[in-house]
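Nothing in this text is a laboratory measurement; each read-out follows from the coordinates by a stated rule. The model shown is predicted, which means the values in this text are computed figures rather than measured ones. Here the Cβ is made from the backbone with ideal geometry for all residues, glycine too, and neighbour counts use every protein chain on show.
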Amino acid sequence: MGLIERLFGVVFGGNRNVVRETVEVFRENAEAGAVRGAEVQQQAMQQYGSEFVAAPKGWFDRFMDGLNRVPRPALALGTLGLFVSAMVAPLWFAQRMQGIALVPEPLWWLLGVIVSFYFGARHQVKSQEFQRSIVDTIAHVGPVVNNIKAIEELRHDSIGAADPGPDVRAAAQALRSEENPALEDWRAAR
């Protein structure tokens, strides 16, 4: 018995677990990893909240937002207009396309880069607005849950809703049946 006790004292003595410490060299402690992951996620949400706090927009910001909404509909409607003009006035359309055929290739590349950057930047702005709205929504989760709990407690069928509390007279009065003339008339009519 003394040998086994000494062996366990070497392995587990001094408030340590040599087996666990050895395994943690090769494999992460799942509980400690989950705690670190939760801390990282909480810090990231706090950072998102501080980065994406909506500031009131001035007239210039609103004007630029309106101006940014023009190119996509203009490109879509312009392309549809080209199809219609090709059917309605083929000669006029052919003359315009001959003019476009004279545009040098580097200018086409430049147009492609500009359009790509415009739509890429627009996508990023919309993505950031979406993330901001998610952070705002998550910030409202706590009060909403508390409000739902408070509303559930007000339901007439919730547990303890009719509890008179420590008032003995109210409890006795709730159990006492009262005379109800309408109910008695109804019973007599049956």
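Segment 54-110 and segment 121-157 have Cα centres spaced 39 Å apart. With the simple spin-label model, which puts each label point 7 Å out from Cα in the Cβ direction, the F60 to A182 separation comes to 7.0 nm.
Could you compute the FRET efficiency for E31 and H123, with r as their C-beta to C-beta distance and R0 at 45 Å, rounded to 0.05? Approximately 0.70, to the nearest 0.05. Maximal additional length on extending the M87-I114 stretch stands at 6.7 nm, based on 0.36 nm per residue less the C-alpha distance.
Rg/Rh for segment 30-89 stands at 1.45; both radii use Cα atoms, and Rh follows the Kirkwood definition.
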